[in-house]
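Structure first, then comments.
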Amino acid sequence: MAINLLSIQPHKVSRDLSGFITYVYGAYKTGKTTLATQMDKCLLLAFEAGYNALPGIIAQDVLTWGEMKQIFRELKKPEVRNTFSCVVVDTVDVAAEKCKKYICQQNSIEDLGDLGYGKGWTKFKDEFNEVFRGLTQLGYTVFFIGHDKEIKNNDGTIVGIRPALSNSTREVIGGMADIYAYAHQKAAGEMSVLTLRDPSGYIECGCRFKYVP
């Protein structure tokens, strides 16, 4: 195909989430899975149990990363792409651990660090990106769900909120997300809210869409 740089048109941002990755983390029972499964033509990939109380959901249990790669191949099929438009990963915490275990098994090691400085984490990042960025390139909306963690000082004072992932895993998954939100209740008994930006830095979150408050 001939390349003509003068024919390139200005990029227009989609008005839906097709081809984007959303990551919502938070405490248990803050409505994360319920929110995600309201997406149109949704397939829930259940890396851990959590959908039993959601009637009508189409869910596939995922026990190993090998099964995730098989699902990825299925999702490439035209008839499957016509059936689903959103893939929900519940939870990304467990998915990441299964991916690490897969890489360790493939390389006959006990820990990613056994491959040498940074090499194991590079393989993890490449493997995770191949699957989930691959899904966005096929036009799927990808919705990660995860747990939260309170960061405390030595005296027990809470000084921040972030995903319950190791620093290296958090960098990989957080870097993939176009929307990176924290689900929480402002007060007990109130409806959950999503925080997408926090200038104070207390809550780790963010959003690539400049006009989203």
Query raised in the report: Would you say residue 126 is at negative phi and assigned to a loop (DSSP other than H, G, I, E, B)?
Result: no
Report summary line: Residues of the stretch 22-67 being touching a residue at least 12 places away in the same chain (Cβ under 8 Å) and part of a helix (DSSP H, G or I), in sequence order, are 32, 33, 34, 35, 36, 65, 66
Query raised in the report: Given the conditions (1) modelled with pLDDT of 90 or more; (2) surrounded by fewer than 19 Cβ atoms within 10 Å (Cβ to Cβ); (3) not in a strand (DSSP E or B), and given that residue 194 satisfies all but one, which numbered condition is not satisfied?
Result: (3)
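How many residues are in contact with a Gly (Cβ under 8 Å, 6 or more places away or on another chain) and in a helix (DSSP H, G or I) when one looks only at the stretch 1-21? Reasoning before the result, please.
Start the filter on the stretch 1-21 by keeping residues that are in contact with a Gly (Cβ under 8 Å, 6 or more places away or on another chain), which leaves 18-19.
Filter once more, so that each one left must be in a helix (DSSP H, G or I): none.
Qualifying residue count, the stretch 1-21: 0.
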Query raised in the report: Does residue 203 satisfy the criteria of being aliphatic (A, V, I, L, M), over 16 Å from residue 95 (Cβ atoms), out of contact with any helix residue (DSSP H, G or I) (no Cβ under 6 Å at 6 or more places or on another chain) and modelled with pLDDT of 95 or more?
Result: yes
Report summary line: Scanning the stretch 92-113 for residues that are part of a helix (DSSP H, G or I), at pLDDT 90 or above and more than 22 Å from the chain's Cα centre (by Cα) gives 105, 106
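Quick one: which residue in 63, 43, 54, 6 is surrounded by 10 or more Cβ atoms within 10 Å (Cβ to Cβ) and either over 30 Å from residue 106 (Cβ atoms) or modelled with pLDDT under 85 (or both)?
Values: 63 fails: either over 30 Å from residue 106 (Cβ atoms) or modelled with pLDDT under 85 (or both); 43 fails: either over 30 Å from residue 106 (Cβ atoms) or modelled with pLDDT under 85 (or both); 6 fails: surrounded by 10 or more Cβ atoms within 10 Å (Cβ to Cβ).
Every option except 54 fails the conditions.
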Query - Any hit, the stretch 172-181, residues being surrounded by fewer than 19 Cβ atoms within 10 Å (Cβ to Cβ) and over 12 Å from the mean Cα position of the chain (by Cα) - result: no
Query raised in the report: When you go through (1) outside any helix (DSSP H, G or I); (2) of a type in the set (A, V, I, L, M, F, W, C); (3) closer than 30 Å to residue 31 by Cβ; (4) free of Cβ contacts under 8 Å to residues at least 12 places away in the same chain one by one for residue 89, which number turns out not to apply?
Result: (4)
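The values are calculated or read from the model by the stated rules, or taken from the named source; none is laboratory data. No experiment lies behind these values; they were computed from the predicted model shown. When we count neighbours, we look across all protein chains shown, and the Cβ atoms used for this are built from the backbone with ideal geometry, even at glycine.
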